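The values are calculated or read from the model by the stated rules, or taken from the named source; none is laboratory data. Just so it is clear, the structure is predicted and the values come from calculations on it, not from any experiment. Here the Cβ positions follow ideal geometry from the backbone for every residue, glycine too, while neighbour counts run over all protein chains shown.
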Amino acid sequence: MENPTGGSSSDPGVAEAGWYPIGDNLVRYWDGGAWTDQTAPAPPSGAETSPSIGNQVSAAVSSVNDQQMAMFAHFGQLLGLVSGIAGFLVPLIIMLTKGKESDFVRRAAVESLNFWITGVLAAIVSFILMFVLIGFFLIFIVAIVWVVLPIYAGIKANDGVDYRYPFNIRIVK
C-alpha cells in the first residue's frame, strides 16, 4: 500500500505518522508504516495542524461537552495513580456510554483505554526486568510517560484535537 507521500510503505523516507486527507470530507490515520482503520471528518478549510506532533487535525466536534468528555477519558487514567488499577474505568465507562453518542468521544476513550493497557504491560515488563537491574530505570521512564502523556492528550482533546499516543498497542477497537 502506498504511504501518503506516494511511495510504498517499505521506502526509507516514509511520511511521518498523522492524519491525511482521503477525500473532500474525510481524513485517515497513517501510523508511519501502514494505514489504520481510524478515520475522522476532515477539518474545516484553514484548520490548524500541530507540526510538533505530526499531522494532527482538529476534529469536527459537535459540542464543548464532547471535548470535555474526551478530556475526561484521558485524565481518567490518572485515577490509576491514586487507586492502583481503576485507571481503566473512566475511559471504559465513557466509551460505553458517551461513546455511543459521539465518534470523537469514542475515539478518545478507546485511545485512552489502549494507552492504559500499554502502560500496564510496560510496567509488568519493567518489573520483570528489575531482576537484571535495567527494570529500575525503565519503571521510572514508564511512570513519567504514564503521567505526562494523558495530561497532554486531555489538553489536546479539550482543544478538539483527535490525539493519538505515539506508542500505543491498539487492542480495543
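Exactly one residue out of ILE169, ILE117, ILE155 is within 20 Å of THR39 (Cα to Cα) and of a type in the set (A, V, I, L, M, F, W, C), and it is ILE169. Taking the conditions exactly as written (within 15 Å of the chain's Cα centre (by Cα) and either in a loop (DSSP other than H, G, I, E, B) or surrounded by fewer than 19 Cβ atoms within 10 Å (Cβ to Cβ) (or both)), does VAL120 satisfy them or not? Here the answer is no, as VAL120 does not meet what is asked.
Taken over the range 123-155, the criterion of being within 18 Å of the chain's Cα centre (by Cα) and of a type in the set (Phe, Trp, Tyr) is satisfied by TRP146, TYR152.
Filtering the range 61-78 for residues that are among the hydroxyl-bearing types (Ser, Thr, Tyr), in a helix (DSSP H, G or I) and modelled with pLDDT under 80 leaves an empty set. Could you check the range 125-148 and list, in sequence order, the residues that are over 19 Å from LEU79 (Cβ atoms), β-branched (Val, Ile, Thr) and exposed (fewer than 15 other Cβ atoms within 10 Å of the Cβ)? Residues satisfying the conditions are VAL125, ILE128, VAL132, ILE134, ILE141. Just one of the listed residues (LYS173, LYS156, LYS98) is at pLDDT below 85 and of a type in the set (Lys, Arg), namely LYS173.
Scanning the range 10-35 for residues that are among the small types (Gly, Ala, Ser), assigned to a loop (DSSP other than H, G, I, E, B) and crowded, with 16+ Cβ neighbours inside 10 Å, which turns out modelled with the lowest pLDDT? Here the answer is ALA15. Candidates in the range 139-173 are the residues that are in a loop (DSSP other than H, G, I, E, B) and charged (D, E, K, R); of these, the one that is nearest to ASP31 (Cα to Cα) is ARG164. Is it the case, given these coordinates, that PRO91 is within 17 Å of the chain's Cα centre (by Cα) and either of a type in the set (A, V, I, L, M, F, W, C) or modelled with pLDDT of 80 or more (or both)? Spelling it out, PRO91 is indeed within 17 Å of the chain's Cα centre (by Cα) and either of a type in the set (A, V, I, L, M, F, W, C) or modelled with pLDDT of 80 or more (or both).
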